[in-house]
Amino acid sequence: MGSAISLRSDFDGDGLRLLARQTKDASQARRLLALASIYDGGSRADAARLGSVTVQIVRDWVVRFNARGPDGLINGKAPGKPSLLNDDQRAALAQAIERGPTPYLDGVVRWRLCDLAQWLWEEFRVSVSEQTLGREVRSMGYRKLSARPRHHAQDAEAAEAFKKTSPPQWQKSPLAPPRVK
């Protein structure tokens with residue numbers, strides 16, 4: 001069995017307890033308190049009991065604390081899957097969206113996600129689903145805009161005359177006299 005990894009020397013138990021009181025993250029506070037007990041001479045098993053975890057997890061906390069300090073004990077967000085498009089492809093996509101489609105070249109009069117996915121395949125041989133492309137385009141700051149459909153023979157004056165103008169249902173009641181008990 002190997003020796004325990006030593007903690008950083010630029011902190012002490014009292015300093016970690018102070019940081020634990022100041023933090024808003026409950027998990028970080030629990031981890032800081034467990035490490036503070038190690039600074040005060042407690043065993044790793046005691047720290048594991050204090051933190052309600054195993055000794056292996058306390059070792060992981062020590063490694064993270066030594067590498068990044070108290071901020072290393074905060075749960076980070078998982079990075080997720082990397083984007084399918086690189087920066088050059090994203091810039092070309094933004095340029096294509098800005099200039100709009102050329103009907104005789106692109107075969108469409110307006111860009112839809114399926115058309116943009118096809119364009120990406122033809123230009124870069126990158127296969128992207130419509131859902132993924134929608135998220136990518138939205139993260140680039142573009143929004144889907146569509147005009148409200150209107151019938152070509154719609155008469156605005158007739159529609160305005162057809163609208164009902166009813167009096168309001170609720171009316172304020174007159175002031176009632178105070179009740180006598």
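Structure notes:
- Using a Förster distance of 35 Å, the FRET efficiency for Ser129-Ile74 (Cβ separation, nearest 0.05): 0.55
- Note on the chain: lysine pairs with Cα distance below 30 Å, sequence gap of 8 or more or different chains, count 7.
- Listed values [x] 48, 33, 29; [y] 42, 39, 33; [z] 86, 84, 25 include one computed from this model; for Cα extents along the principal axes in Å that value carries the label [z].
- Degrees separating the helix 26-39 axis from the principal Cα axis of the chain, which is the longest one: 10 degrees
- Prolate/oblate/rounded label for segment 87-139 (Cα gyration tensor, a/c 1.5): rounded
No lab work stands behind these numbers, since they all come straight from the coordinates. Note that the structure is predicted; figures quoted are calculated from it, not measured. Ideal geometry is used to build each Cβ from the backbone, glycine not excepted, and the neighbour counts take in all protein chains shown.
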